[in-house]
Structure formats: structure tokens, C-alpha cells
Amino acid sequence: MAIRNIREIGEEVLTKKCREVTEMTPRIRELIEDMLETMYEANGVGLAAPQVGVLKRIVVIDTTGDNPYILINPRIVESSGEQTGAEGCLSVPGKTGQVTRPSYVKAVALDVNMREYELEGTDLLARAICHELDHLDGHLYVEKVEGPLRDAAADEEDA
Ligand code: NI
């Protein structure tokens, strides 16, 4: 495993639509391991493949620090409610802003064995799912921010 370089806002790779994964390969397994390691090392709650420069529809999320989800080709199939709160992104270091997201989402994705599963999330997990899936279509939370971006406190979590 290895820590990968996290791409930052302004880099073109963060604005591109990612391609679906059609088969699991050793290279993609290694990418996923590296994404997890990179996310934990950066104290993030989520990371999408384009954030490490790879235009594939792969996301890792862990909002509790001990329960990682790997989502390949994810899509949101249900959402409801609304929450407005602070959001940050490892690709926009040191900043945070208010974003409104659904308070509940259900996603369908493939796991590392390319088996389909459902992931339901509320609160922070719902927010992280929405945030990470946006990355796969080239979108950053700063496009959705309400009011100004401000400097983040050191203990705030990024995705
Ligand atoms: Ni992000």
C-alpha cells in the first residue's frame, strides 16, 4: 500500500466525469487499498478516485474511523429530507462551507468482489455519499456552498 498524492482544486482531473469499472483487477485492488490509506492518513471521511488522479468511478468512505465502505460504480437510488451543515474536502485544504444535502440516501454500488450491495446513510454518512459521488462527475462542494468559504478549524473532517 502507498499514500497517494491528493489533487487539489484547480487541477483539471477534478472536473472530469469518471468512467465505470468493468472488471476487478490487481491494479484496481491496489488503487482501493491506497485510497483507504490515503484517506486515513489525511484524516478524511471519504475519498474519490479522481482525488488521486484516477478517472474511475470508485469511492471510499469511513465516517467512524473503523468501518470503511468501498463503492464501485455507485449511484443514489433514493434520497429524502434535508440537512444544512459544514462540509470540507481533502482537495480544498483548510476550507469549509455550508452545504445543503439530503438527510437520508440509499446508494447501490459494487463491492471489491464486484457484487452489488445497498448502502443506506443518514446525517454525516448521507452527506459523505453525496459529496463523494459528486466527485465522480467532476463536481466539488464549493459549487454548492451557501455563503462564503471560510477557514476550517483543525479538527474538522474533510472528504
Ligand atoms: Ni471531496
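Only the coordinates and a few stated rules stand behind these numbers; no lab work does. Computed from a predicted structure; not experimentally measured. Backbone-built Cβ (ideal geometry, glycine too); neighbour counts: all protein chains shown.
Structural remarks
- Only one residue of Gly97, Ser79, Leu55 has its Cα farthest out toward the positive end of the dipole of the chain, where Lys and Arg carry +1 and Asp and Glu -1 on Cβ, and that residue is Leu55.
- Projecting label points 7 angstrom from Cα along Cα→Cβ for Val108 and Arg29 puts them 2.7 nm apart.
- Each peptide among 84-92, 135-143, 3-11, 19-27 gets the average number of other Cβ atoms lying within 10 Å of its residues, and from highest to lowest they stand as 84-92, 135-143, 3-11, 19-27.
- Using the Cβ of Arg150 as centre and a radius below 11 Å, the other residues enclosed give a net charge of -1, where K and R count +1 and D and E count -1.
- The slack in the chain from Arg150 to Asp66, taken as 0.36 nm per residue of separation less the alpha-carbon distance, amounts to 27.3 nm.
- Long-range amide H partners of Gly46 with built H, under 5 Å: Asp62
- Distance from the Cα centroid of the stretch 39-111 to that of the stretch 1-34 is 14 Å (rounded to whole angstrom).
- The relative contact order of the chain, computed from alpha carbon pairs under 8 Å that lie at least 6 residues apart in sequence, is 26 percent.
- Virtual spin-label span in nm between Thr22 and Asn5, 7 Å along Cα→Cβ: 2.9
- For the chain, a Gaussian network of Cα nodes joined below 10 Å ranks Glu78, Glu118, Glu132 by mean-square fluctuation, and the top entry is Glu78.
- Surrounding net charge for Lys17, when Lys and Arg each add one and Asp and Glu each subtract one, Cβ distance under 13 Å: 0
- Annotation: amide H-H contacts under 5 Å for Gln83 (H modelled 1.01 Å from N, sequence separation of 5 or more, or interchain): Arg101, Ser103.
- Judged by the ratio a/c of the largest to the smallest principal axis of the C-alpha gyration tensor, the stretch 1-78 counts as rounded, that ratio being less than 1.5.
- Converting phi to 3J(HN,Hα) with the Karplus coefficients 6.51, -1.76 and 1.60 and the offset θ = phi - 60°, the stretch 120-127 yields 9, x, 10, 6, 4, 5, 4, 4 Hz in sequence order, with x at every glycine or proline.
- Note that the stretch 62-76 has calculated 3J(HN,Hα) couplings of 8, 8, 10, x, 9, 9, x, 10, 10, 10, 10, 6, x, 9, 8 Hz, one per residue in order, obtained from phi through the Karplus relation 6.51 cos²θ - 1.76 cosθ + 1.60 (θ = phi - 60°); glycine and proline are x.
- Our estimate of slack between Glu120 and Arg75, defined as 0.36 nm per intervening residue step minus the Cα-Cα distance, is 15.0 nm.
- Both radii were evaluated on the Cα set of the chain; the Rg over Rh quotient, with Rh as the Kirkwood radius, amounts to 0.93.
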